[in-house]
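Below: one structure, written as structure tokens.
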Amino acid sequence: AASMSVVEHVREMASAGLHSNVRLLSGLLLTMSGNNPELFSPSQKYQLLVYHADSLFHDKEYRNAVSKYTMALQQKKALSKTSKVRPSTGNAASTPQSQCLPSEIEVKYKMAECYTMLKQDKDAIAVLDGIPSRQRTPKINMMLANLYKKAGQERSSVTSYKEVLRQCPLALDAILGLLSLSVKGAEVASMTINIIQSIPNLDWLSVWIKAYAFVHTGDNTRAINTICSLDKKSLLRDNVDLLGSLADLYFRAGDNKNSILKFEQAQMLDPYLIKGMDVYGYLLAREGRLEDVENLGCRLFNISDQHAEPWVVSGCHSFYSKRYSRALYLGAKAIQLNSNSVQALLLKGAALRNMGRVQEAIIHFREAIRLAPCRLDCYEGLIECYLASNSIREAMVMANNVYKTLGANAQTLTLLATVCLEDPVTQEKAKTLLDKALMQRPDYIKAVVKKAELLSREQKYEDGIALLRNALANQSDCVLHRILGDFLVAVNEYQEAMDQYSIALSLDPNDQKSLEGMQKMEKEESPTDATQEEDVDDMEGSGEEGDLEGSDSEAAQWADQEQWFGMQ
């Protein structure tokens with residue numbers, strides 16, 4: 001046998017995974033080839049360029065890799081031209097050679113990967129689009145489908161996902177892709193029916209498809225019931241993905257207690273879980289469990305700092321500690337790592353809103369809505385922006401749209417009522433909406449809080465107390481205990497009010513309003529010391545202003561970093 005050529009050595013090393021060695025050797029050989037064009041044949045030059053580009057790709061030098069892949073494809077064009085000229089008898093001799101050549105389609109796929117890493121999605125689509133559809137492999141169709149979807153080209157995206165399923169009928173992520181583009185569950189299921197019938201133990205798949213069809217139409221209740229039915233099947237019990245989906249659905253349905261329980265269960269099963277942990281961190285932060293949030297953030301950073309989730313969790317900690325400029329920076333960093341992170345967009349939007357940059361905040365909430373049209377909290381964030389900038393009319397239009405598209409449930413009724421409460425003309429309407437919401441879900445906290453607000457305006461304190469006691473019968477919530485405290489003060493039940501404020505503070509030690517409620521009452525109780533109290537208060541006030549200045553200097557500290565982490 002003839003000894004191996006130097007290009008074959010490069011190929012051997014490449015297939016052995018010796019990327020750094022390939023990079024050095026191919027670099028030297030390409031220089032030799034440049035200085036003496038006769039040294040290597042066109043097919044050898046093509047191979048050297050591809051192996052060199054692959055090693056650059058491996059070193060994450062994507063721009064450089066793309067330029068080398070492009071040169072390789074030009075070389076391949078020249079190669080095709082020369083090989084076509086050859087007489088047909090020569091074909092036999094050239095086949096072993098051409099079998100060893102790196103595939104042109106693989107090169108284009110790698111180029112597209114480079115372009116997506118460089119955030120040049122248009123170029124990635126152009127490269128893959130150039131491959132005739134008959135020659136597209138499943139991974140090319142999958143990548144195209146995702147890119148089309150991101151670019152808003154829904155029809156092309158659906159076609160590509162279907163192509164993946166035709167080639168690989170168990171491609172579950174392609175199934176989720178189709179469902180997210182509102183292809184009917186029945187149609188998707190029909191594409192997998194043959195395989196379900198021919199393989200044992202796959203009977204759950206049609207139920208799985210049904211569950212995620214409900215998820216993507218925003219039917220949270222039926223999605224929860226369907227996934228619970230899968231979780232009860234002994235074979236799928238304790239599946240981390242299903243538990244994560246369940247936690248997320250409880251969160252979307254406004255059932256935070258169950259959401260936290262399911263996230264905890266998933267975490268126990270898989271200590272390296274990242275997906276969904278941003279929502280978990282947000283829920284813990286909302287409950288005032290900031291120490292738990294900090295621990296979660298540290299743990300996630302240990303698992304990976306290349307995912308958005310740890311940055312979002314850390315940002316939630318900052319946000320609920322009222323450090324908005326830091327939260328903004330962390331949210332932006334998360335978006336940079338994953339532009340599809342809804343939780344990061346909501347964090348950054350909320351931080352911008354609280355810093356008074358409402359117009360910028362609106363852009364972020366709109367993007368979140370585009371990515372997650374079934375998530376109510378995206379709309380809530382946007383509506384809060386409208387209310388903050390006194391655009392009640394825009395808020396009303398938006399709330400009505402949500403009510404129409406997501407259906408009349410306790411959450412959408414409450415959201416619409418919240419907007420109606422802002423306008424003196426629609427007070428009665430707000431009342432009707434809240435009563436409807438509470439008929440459906442008597443323990444829905446947001447509805448209870450808004451109803452209490454209404455009763456407080458009308459000074460119907462006894463009704464308010466009854467409402468709150470009823471809501472607190474089978475759940476404990478800081479805000480509800482605090483409002484109950486306020487109502488009890490209004491009817492002079494000081495001792496019990498004190499108890500309610502204490503419970504509220506035991507649930508969330510950082511709850512400012514409960515503290516204020518307590519301090520007010522202490523003033524009421526000791527009128528003789530009132531003058532001294534006044535002074536102490538003034539001092540406290542100045543202390544708080546000092547804090548604000550502190551956070552301003554912090555804002556300056558983050559400001560120079562901010563330009564790196566803009567939305568675009």
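The values are calculated or read from the model by the stated rules, or taken from the named source; none is laboratory data. Remember, predicted model here, so these are calculated numbers, not experimental data. As a convention, Cβ positions derive from the backbone with ideal geometry for all residues, glycine included, and neighbour counts pool all protein chains shown. Please note that ligands, DNA and RNA were not included when accessible areas were found on the heavy atoms of the full protein model with its side chains. Shrake-Rupley method; radii C 1.70, N 1.55, O 1.52, S 1.80 Å.
Once you keep just the Cα pairs under 8 angstrom separated by 6 or more residues, what percentage relative contact order results for the range 108-233?
Over the range 108-233, the number comes to 14 percent.
Ordering ARG482, ARG63 by accessible area with a probe of 1.4 Å, largest first, what comes out? All intermediate terms of the calculation are to be shown ahead of the outcome.
Details: ARG482 30, ARG63 145 Å².
Sorted by accessible area, descending: ARG63, ARG482.
With a 1.4 Å probe and every protein chain kept in, tell me what percent of the accessible surface of the chain is carbon plus sulfur.
Working: 15510 of 29600 Å².
Of all accessible area on the chain, carbon and sulfur atoms account for 52 percent.
Among LEU330, GLY349, ALA223, flag the residue with its Cα farthest along the positive direction of the charge dipole of the chain, charges on Cβ as +1 for Lys/Arg and -1 for Asp/Glu.
ALA223
Can you show me the helix-derived [θ] at 222 nm for the chain, built from DSSP H runs with n ≥ 4 at -39,500 (n - 2.57) apiece and divided by the number of residues, rounded to the nearest 500.
Computed ellipticity for the chain at 222 nm equals -24500 deg cm²/dmol.
For the range 212-288, what class follows from the C-alpha gyration tensor (a ≥ b ≥ c being the square roots of its eigenvalues): rounded when a/c is under 1.5, otherwise prolate if a/b is larger than b/c, else oblate?
Judged from the Cα gyration tensor, the range 212-288 comes out oblate (a/c at least 1.5, b/c at or above a/b).
Find how many whole Å separate the alpha carbon centroid of the range 397-456 from the alpha carbon centroid of the range 236-277.
For the range 236-277 versus the range 397-456, the Cα centre distance is 28 Å.
Give, in nm to one decimal, the length gained when the segment between LEU236 and MET117 is fully stretched (0.36 nm per residue of separation minus the Cα-Cα distance).
Value of the extension gain: 39.3 nm.
Can you tell me the relative contact order of the range 459-523? Whole percent, Cα pairs under 8 Å, sequence separation 6 or more.
Reported as a whole number, the value is 29 percent.
Let me have the relative contact order for the chain, percent, based on Cα pairs under 8 Å that are six or more residues apart.
On the way: 646 pairs, mean separation 32.5, N = 568.
Relative contact order comes out at 6 percent.
Under 16 Å Cα to Cα from LYS257, which lysines show up? Leave out anything in the same chain fewer than 8 places away.
LYS446
What whole-number volume per residue, in cubic angstrom, does the convex hull of the C-alpha atoms of the range 459-523 give?
Cα-based convex hull of the range 459-523, divided per residue, equals 72 Å³.
How much accessible area does ARG457 have with a 1.4 Å probe, in Å² rounded to the nearest 10?
Taking all protein chains as shown, ARG457 has close to 120 Å².
Put +1 on the Cβ of each Lys and Arg and -1 on the Cβ of each Asp and Glu in the chain; which of VAL240, VAL449, SER41 then has its Cα farthest toward the positive end of the dipole?
Value: SER41.
For a test of the definition: using alpha carbon positions, the gyration tensor, and the 1.5 limit on a/c, classify the chain as rounded, prolate or oblate.
prolate
Which of the pairs LYS210/LYS436; LYS68/LYS108; LYS60/LYS149; LYS68/LYS149; LYS150/LYS275; LYS60/LYS333 have their Cα atoms more than 22 Å apart in this structure?
Numbers: LYS210/LYS436 29 Å; LYS68/LYS108 12 Å; LYS60/LYS149 25 Å; LYS68/LYS149 29 Å; LYS150/LYS275 20 Å; LYS60/LYS333 19 Å.
Those over the limit are LYS210/LYS436; LYS60/LYS149; LYS68/LYS149.
For TYR444, which sequence-distant residues (separation of 5 or more, or a different chain) have an amide H within less than 5 Å of its own amide H, given hydrogens modelled in the peptide plane?
none
Taking the solvent-accessible surface of protein heavy atoms with a 1.4 Å probe, what is the per residue accessible area of the range 459-523 in Å²?
Heavy-atom SASA per residue in the range 459-523 reads 52 Å².
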